[in-house]
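S.K.: Before we start, here is the structure in question, set down as structure tokens.
Every number in this text was worked out from the coordinates using simple rules, so none of it is lab data. Keep in mind the model is a prediction, meaning the values are calculated, not measured.
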Amino acid sequence: MNDRAESLLNEANPRATYELLAEWEAFANLPDTCTGSTLTLQERRAVLVQRLTATGGNRSPLEDQPRRRP
């Protein structure tokens, strides 16, 4: 695999992204008022991963409704 292809694969991983970090942050609504804008690269990645993996993420509203018994 050439270096550029490997680099692009790394960009798909928020723990390793560099070139697409700003796009990942925009997707996760970062930076926000809590994180500020003076973080290091490693801190920015850590905040991003935390935001993407936080409890309550991608759930359908239907999944949160109680199930009815037949």
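S.K.: Extension gain Tyr18-Asn2, at 0.36 nm per residue separation less the Cα-Cα distance, in nm? Please report the intermediate quantities before stating the final value.
M.R.: Details: separation 16, 0.36 × 16 = 5.76 nm, distance 1.77 nm.
Using 0.36 nm per residue and subtracting the Cα-Cα distance, I get 4.0 nm.
S.K.: Right, something else. Take the range 3-54, compute every pairwise Cα distance, and split them into 5 Å bins from 0; I just need the percent in each bin.
M.R.: 4, 22, 33, 23, 10, 5, 2, 0
S.K.: Using the Karplus equation 6.51 cos²θ - 1.76 cosθ + 1.60 (θ = phi - 60°), what ³J(HN,Hα) coupling, rounded to whole Hz, does each residue of the range 19-25 give in order, writing x for Gly and Pro?
M.R.: Values, residue by residue: 5, 9, 4, 4, 5, 4, 5 Hz.
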